[in-house]
Amino acid sequence: MSADFSIKPVGAPAAIPVAPPVSEATNKAVQTVLPASHSVTVPDASASVRNDSPPSSDFVSHQAFLDRAAGSIVYQVIDSKTNQVVEQYPDEATLRRRAYYHTLDLTKDQPTRPLATDRTA
């Protein structure tokens, strides 16, 4: 008996093939032959299926600008027909929150004593 209490592998595990049991209904089933128009076939795996809307580049425009109050770049997707904002990042609530905190940072009292990183001439 060793004193290190470690478990040492004895050999590689062997995979045991397990066949699923065949049900009685499968044994008594009648083979069905359907015409091609009524049968279901597996789709081609190489053809990808997408659920995207058709490209609407004719109807939208993209715009990016700097919101100085929030100190942030804003990206917008605008409907060209109605001039309404379809999507915006960051959203209005985030911009308002950033502008609020940016204003708080600007109104904080300046330190009265020089910092260690300040230069003296």
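What follows is calculated from the coordinates using simple rules that are stated; it is not laboratory data. Given the structure is predicted, the values throughout are model-derived calculations rather than measurements. Cβ sites come from the backbone with ideal geometry, for glycine too, and all protein chains shown count toward neighbours.
Need the full-extension length gain, Q76 to Q31, defined as separation in residues times 0.36 nm minus the C-alpha distance. One decimal, nm.
On the way: separation 45, 0.36 × 45 = 16.20 nm, distance 5.91 nm.
Extending this stretch completely gives an extra 10.3 nm.
Under a 5 Å amide H to amide H cut-off, with H placed in plane at 1.01 Å, what residues pair with V86 once short-range neighbours are removed?
Residues meeting the criterion, in which the H sits 1.01 Å from N, are V77, I78, D79.
Taking the highest mean first, how do the peptides 13-25, 60-72 order by number of other beta carbon atoms within 10 angstrom per residue? If you can, show how the numbers build up before the last one.
On the way: 13-25: 6.3, 60-72: 12.4.
By packing density, highest mean first, the sequence is 60-72, 13-25.
Around V60, which amide H atoms from residues at least 5 apart in sequence, or from another chain, sit under 5 Å from its own amide H, with H modelled in the peptide plane?
S80
Pop out the ³J(HN,Hα) list for the range 81-88 in order, Karplus 6.51 cos²θ - 1.76 cosθ + 1.60 with θ = phi - 60°, rounded to Hz; leave Gly and Pro as x.
Couplings: 6, 9, 6, 9, 6, 7, 9, 8 Hz.
Stretched out fully, how many nm does the piece from R97 to T41 gain, at 0.36 nm a residue minus the Cα gap?
Details: separation 56, 0.36 × 56 = 20.16 nm, distance 5.44 nm.
The span from R97 to T41 would gain 14.7 nm if fully extended.
Can you work out ³J(HN,Hα) from phi for every residue in the range 15-24, in order, using Karplus 6.51 cos²θ - 1.76 cosθ + 1.60 and θ = phi - 60°, giving whole Hz and x for Gly and Pro?
Computed from phi, the couplings for the range 15-24 are 7, 9, x, 10, 8, x, x, 8, 7, 5 Hz.
At E87 and S23, where each label point lies 7 Å from the Cα along Cα→Cβ, what is the point-to-point distance in nanometres?
Label at E87, label at S23, 4.5 nm between them.
From the backbone phi of the range 31-43, what are the Karplus-calculated ³J(HN,Hα) couplings (6.51 cos²θ - 1.76 cosθ + 1.60, θ = phi - 60°) in whole Hz, Gly and Pro given as x?
Once rounded to whole Hz, the list reads 5, 9, 10, 10, x, 4, 5, 10, 9, 9, 10, 6, x.
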